[in-house]
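Just below is one structure, and these are the notes that go with it.
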Amino acid sequence: MFGFSKSRETLGKKSRGKKSGQSSDTIEVAGLRNASNPGKLGFLTTKELEPYSGLIGQDRGLEAVALGVDIRTDNFNIFAAGGLGVGKLTAITKLLKETLPSWEAPSDWVYVNNFENSYQPLAIELSAGQGVEFRNLVIQSIDELRVGLSAMFHSDEYITRRRAIDLAFESNQEDAIDNLIEHARSKNVGILRTPSGFTMVPLEDGEAIEPEEFQAKPVGERRVVEAKIEALERQLSELFQSFPLQQKERAEKLMKLNADMAKNVVSAALLGVRNSFKKIEKIKSYLDAVEVDLIRHIGLFVDEESDSVLVKGHVETEDDPKYSRYMVNVLVSHKRSELNGGPLIKEGNPTLSNMVGRVETVTGAGNGHGADFNMIKAGALHKANGGVLLIDAAKLLQNNFSWEGFKQALIDKEIRVQSPIDDGSVLKPVSLMPEAIPLNVKVILFGEREIYYRLKEIDPEFANIFKIQAEFEDRIDRTDEVEMQYAQIITGITGKKNLKPLDAVAVGRLIEESSRQAGDGEKLYINFVQLQDILIEADYLSSKDERKTTAHSDIKMALRKRERRASLVKERHRESIMRDLQMIETDGAVIGQINGLSVLQHGDYAFGRPNKITARVRMGAGRVVDIEREVELGGPLHSKGVMILWGYLAGTYAQTVPLALSASLVFEQSYGGIDGDSASAAELFALLSALSQVPIRQGIAVTGSVNQQGGVQAIGGVNEKIEGYFDLCSERGLTGGQGVIIPHANRVHLMLREDVVAACGRGEFYVWSIEHIDEGLEILTGVKAGSRSRKGVFESGSLNRGVEARLTDFAHMRRSFSDGPVG
């Protein structure tokens, strides 16, 4: 058993007996928090500053975006990777607004009816601004045609020629009937007209015979007359059956008359459109088809009931379903007065239909399939064609089929309208199959870098169409220049949101908070959304106190309130310790027991808490049992850390005897999964304490990973871990003998709360940094760790000497159960 002494003087001094190059230190107050110096900022309030127009610390990302935008070759699309709130979208938008005016103005696109196959509407490309002009001229032509046909159908020439056709038809019918009547009379049979039609009677001397008189005639005579009547009835029936054919001939003659006379009117009505777009071959062909179809369907302009011509009335041409087949569906249009290079489109809801367009349907539509070319609606790809399209990658991937449909459009370099069926189970083409539109667009996806790497992993085509990776940092170097730029960004936010200016001390507090969020005293965390929220809350608090400037106290209070809103889970964890439901000691000394530190993450809120780690040892076959791993609660990184402990023991102690040790390590009262190696140093300290039988001060918690040479390595969440342990010790009452040991490499990450720094300044709490396990042993136990002499043995009375002696004892004990000699 080794001696143990506890004193505040020992805790506050550098450890002795360190190996060459090691330096375990009580970290001075100035090293616990990289405090801002408001005086260096050079202003009293942000009212004196101009807003910063750029994006601080993002040269790498902006250079990549600029390169991708400048390279107009296919597939050099861009993925802007970075966290939410770093300002990448704002910066990219600003860059594009400066670049896109130099791009060629995009084309207008319209869909028109395909008169040969209405299920396959035709797409026509027009110069920017011409789409609406083309549509209006077509509507104007139909309007003119409605008026022109009215004049034509009421002209003397038309009326005369139509009357001639009608009279000829009527004359032919009457002549045929009269001829049959004369023929019947020659057979002594009369054909009489009645309200219900025609009837036949026998004649005698040109006069009709009464029925009684006819019945009095001899049977033979009656039968001859009846036979004549039957024959004449058949002739009359045949005559009537010929009338529909004559009516058809009349209709054909009228149609030919209409077509002959309408041809000039239709041609004249379309002349204006033809002249305006005579250089576009596709419009010329389309207008030829329109002219033929108009003449073929001239009846659309005639009221079927009155046979009179319809003139332009209260129903506008473009709203009248009779003329929808001749309308122009302007899919994408650019006003000439607003033309400024390539378009910039941001699609906020990237569903498949919002990306590649859709065909709206109407229940009960008269065309049989519920849709026509006028119902084709543009998607984001149509609108951005010839420019740049911005899309949130996460939203794109969340929508069924969006990614595949979007990707296929980029690969094929054309936009085909497709939609999922209602149940979303499969893709199928819509009832129409509009002609595809060529695609020439620069796409910028933006999102977390994990999405970028995931897409690259699961989709082999992704890397071929998104060749530019633009990385945007959410942690940047904290320099004097960057601090000033940060202050200017604050100025921009306060101006944009109409908030009060901040004094320099308040700005300094925000800079410090940014470093705390970064978890690094030499970095700033960039999240302008979060910064804006803090500024709004602080502005509200300053208004309540009727201040004209937001002060340090307002920022501090806003941060405290944000902490309180998010800290319920943290308080419940600490409460369980204070009520001894979770057994954590923060005073005294115990063999084989130590307080390790971990970080719990709930959403975007993280906090540190202590975990009791215990070790038990005995003679055995040379094995360290990781209980967490045995019950499948420990992850691979934690198991790796435990294996490294074994490597350190085997390589440091009892080199001349077998390592006859059986040890167990466990996180006490741990009921969930554990991973990571940040507790491996604490586990090793507990194990060495159990072997040496030297107790560990329970007021000192430890975080850090260890390598096989005993080097203590950096870990994450150092500030949260220190503050979590401090809060527990503070609530129980600081004794002056409490603190946390951290890896030396983590010193640069320290950005502790002001109350923690103040307690350290008063000597009530300590933070030590170590580079080697031996340094931590001396702090934790007050016993010299000891190094090997030239003879290869550890110093007498040292802790390492005790460890080696215990392991040697285990080896000798094991020899008593075996036949072979030891060593």
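Would you pick out the residues in segment 765-791 that are surrounded by fewer than 20 Cβ atoms within 10 Å (Cβ to Cβ) and in contact (Cβ under 8 Å) with a residue 24 or more places away in the chain? First the steps, then the outcome.
Narrowing segment 765-791 to residues surrounded by fewer than 20 Cβ atoms within 10 Å (Cβ to Cβ): 787-791.
Within segment 765-791, S787 is the sole residue that qualifies.
Consider G21 carefully, then state whether it is surrounded by fewer than 18 Cβ atoms within 10 Å (Cβ to Cβ), at pLDDT 50 or above, part of a loop (DSSP other than H, G, I, E, B) and not hydroxyl-bearing (S, T, Y).
Working: surrounded by fewer than 18 Cβ atoms within 10 Å (Cβ to Cβ): yes; at pLDDT 50 or above: no; part of a loop (DSSP other than H, G, I, E, B): yes; not hydroxyl-bearing (S, T, Y): yes.
Answer is no for this residue.
With the structure loaded, tell me whether E513 is part of a helix (DSSP H, G or I) and buried (at least 20 other Cβ atoms within 10 Å of the Cβ) or whether it fails that test.
Values: part of a helix (DSSP H, G or I): yes; buried (at least 20 other Cβ atoms within 10 Å of the Cβ): yes.
It is true that E513 is part of a helix (DSSP H, G or I) and buried (at least 20 other Cβ atoms within 10 Å of the Cβ).
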When only residues in segment 460-478 that are more than 30 Å from T45 (Cβ to Cβ) and among the aliphatic types (A, V, I, L, M) count, which is surrounded by the fewest Cβ atoms within 10 Å (Cβ to Cβ)? A463
Filter pass, I437 being hydrophobic (A, V, I, L, M, F, W, C) and either closer than 20 Å to Q58 by Cα or modelled with pLDDT under 95 (or both): no
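Do you know which residues across segment 544-556 are open to solvent by 60 Å² or more (accessible area, probe 1.4 Å) and not in a loop (DSSP other than H, G, I, E, B)? First the steps, then the outcome.
Taking segment 544-556 first, the residues open to solvent by 60 Å² or more (accessible area, probe 1.4 Å) are 544-548, 553, 556.
If the condition is that a residue be open to solvent by 60 Å² or more (accessible area, probe 1.4 Å) and not in a loop (DSSP other than H, G, I, E, B), then K544, S553, K556 are the ones that fit.
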For segment 167-209, give me the residue count where each residue is modelled with pLDDT of 70 or more and among the aromatic types (F, W, Y). 1
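So which residues in segment 460-478 are part of a helix (DSSP H, G or I) and either in contact with a strand residue (DSSP E or B) (Cβ under 7 Å, 6 or more places away or on another chain) or not hydrophobic (A, V, I, L, M, F, W, C) (or both)? If you could, list the steps in order and put the result at the bottom.
Restricting attention to segment 460-478, the residues satisfying the condition of being part of a helix (DSSP H, G or I) are 462-465.
Residue satisfying the conditions is N464 alone.
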Test for F79: is it modelled with pLDDT under 95 and either of a type outside the set (D, E, K, R) or assigned to a loop (DSSP other than H, G, I, E, B) (or both): no
Got a sec? Which strands (runs of 3 or more DSSP E) wholly within segment 654-747 have at least 2 residues that are over 43 Å from the mean Cα position of the chain (by Cα)? 661-667
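Considering K570, K500, which residue is part of a helix (DSSP H, G or I) and either on the phi < 0 side of the Ramachandran plot or not polar (S, T, N, Q) (or both)?
K570
Matching residues to (1) part of a helix (DSSP H, G or I); (2) open to solvent by 30 Å² or more (accessible area, probe 1.4 Å); (3) in contact with a strand residue (DSSP E or B) (Cβ under 7 Å, 6 or more places away or on another chain):
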{"position": "G39", "(1), (2), (3)": "yes, yes, no"}
{"position": "E50", "(1), (2), (3)": "no, yes, no"}
{"position": "S53", "(1), (2), (3)": "no, yes, no"}
{"position": "L62", "(1), (2), (3)": "yes, yes, no"}
{"position": "L67", "(1), (2), (3)": "yes, yes, yes"}
{"position": "D74", "(1), (2), (3)": "no, yes, no"}
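Residues E457, E481: which one is over 26 Å from I71 (Cβ atoms), outside any loop (DSSP other than H, G, I, E, B), modelled with pLDDT under 95 and open to solvent by 30 Å² or more (accessible area, probe 1.4 Å)?
Matching residue, one of E457, E481: E481.
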What about T46, is it within 27 Å of D533 (Cβ to Cβ), modelled with pLDDT of 90 or more and touching a helix residue (DSSP H, G or I) at 6+ places or on another chain (Cβ under 6 Å)? yes
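So that you can scan it fast, the table gives a plain yes or no per residue for (1) open to solvent by 30 Å² or more (accessible area, probe 1.4 Å); (2) more than 29 Å from V718 (Cα to Cα); (3) modelled with pLDDT under 80:
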position: G596; (1), (2), (3): no, no, no
position: G603; (1), (2), (3): yes, no, no
position: A615; (1), (2), (3): no, no, no
position: G622; (1), (2), (3): no, yes, yes
position: D626; (1), (2), (3): no, no, yes
position: G641; (1), (2), (3): no, no, yes
position: Y653; (1), (2), (3): no, yes, no
position: A663; (1), (2), (3): no, no, no
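Quick one: is D755 more than 15 Å from G596 (Cβ to Cβ), part of a helix (DSSP H, G or I), open to solvent by 20 Å² or more (accessible area, probe 1.4 Å) and touching a strand residue (DSSP E or B) at 6+ places or on another chain (Cβ under 9 Å)?
On the way: more than 15 Å from G596 (Cβ to Cβ): yes; part of a helix (DSSP H, G or I): yes; open to solvent by 20 Å² or more (accessible area, probe 1.4 Å): yes; touching a strand residue (DSSP E or B) at 6+ places or on another chain (Cβ under 9 Å): no.
No, not satisfied.
Provide a single number: the residues in segment 583-619 that are of a type outside the set (K, R) and outside any loop (DSSP other than H, G, I, E, B).
From segment 583-619, those of a type outside the set (K, R) are 583-608, 610-611, 613-615, 617, 619; that's our starting set.
Filter once more, so that each one left must be outside any loop (DSSP other than H, G, I, E, B): 589-590, 593-602, 605-608, 610-611, 613-615, 617, 619.
Count: 23.
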Does L559 qualify as being part of a helix (DSSP H, G or I), over 28 Å from T479 (Cβ atoms) and open to solvent by less than 40 Å² (accessible area, probe 1.4 Å)? no
Just the residues that are under 19 Å from R475 (Cβ atoms) and either within 24 Å of the chain's Cα centre (by Cα) or of a type in the set (D, E, K, R) (or both), please, taken from segment 53-69. L55, Q58, D59, R60, G61, L62, E63, A64
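So for segment 399-416 (the condition being in a strand (DSSP E or B) and either without any contact (Cβ under 8 Å) to a residue 60 or more places away in the chain or open to solvent by less than 40 Å² (accessible area, probe 1.4 Å) (or both)), does at least one residue qualify?
Here is the first cut: in segment 399-416, the ones in a strand (DSSP E or B) are 414-415.
Next cut, either without any contact (Cβ under 8 Å) to a residue 60 or more places away in the chain or open to solvent by less than 40 Å² (accessible area, probe 1.4 Å) (or both) only: 414-415.
Within segment 399-416, one or more residues are in a strand (DSSP E or B) and either without any contact (Cβ under 8 Å) to a residue 60 or more places away in the chain or open to solvent by less than 40 Å² (accessible area, probe 1.4 Å) (or both).
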Of all residues in segment 728-748, count the ones that are surrounded by 23 or more Cβ atoms within 10 Å (Cβ to Cβ) and closer than 21 Å to K523 by Cα. 3
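Return yes or no: is V86 surrounded by 15 or more Cβ atoms within 10 Å (Cβ to Cβ) and more than 25 Å from the chain's Cα centre (by Cα)?
On the way: surrounded by 15 or more Cβ atoms within 10 Å (Cβ to Cβ): yes; more than 25 Å from the chain's Cα centre (by Cα): no.
So V86 fails the test.
The values are calculated or read from the model by the stated rules, or taken from the named source; none is laboratory data. None of these values were measured; they are calculated from a predicted model. We place every Cβ from the backbone using ideal geometry, glycine too, and count neighbours over all the protein chains shown. Side chains included, ligands, DNA and RNA excluded: accessible areas come from the protein's heavy atoms. Shrake-Rupley method; radii C 1.70, N 1.55, O 1.52, S 1.80 Å.
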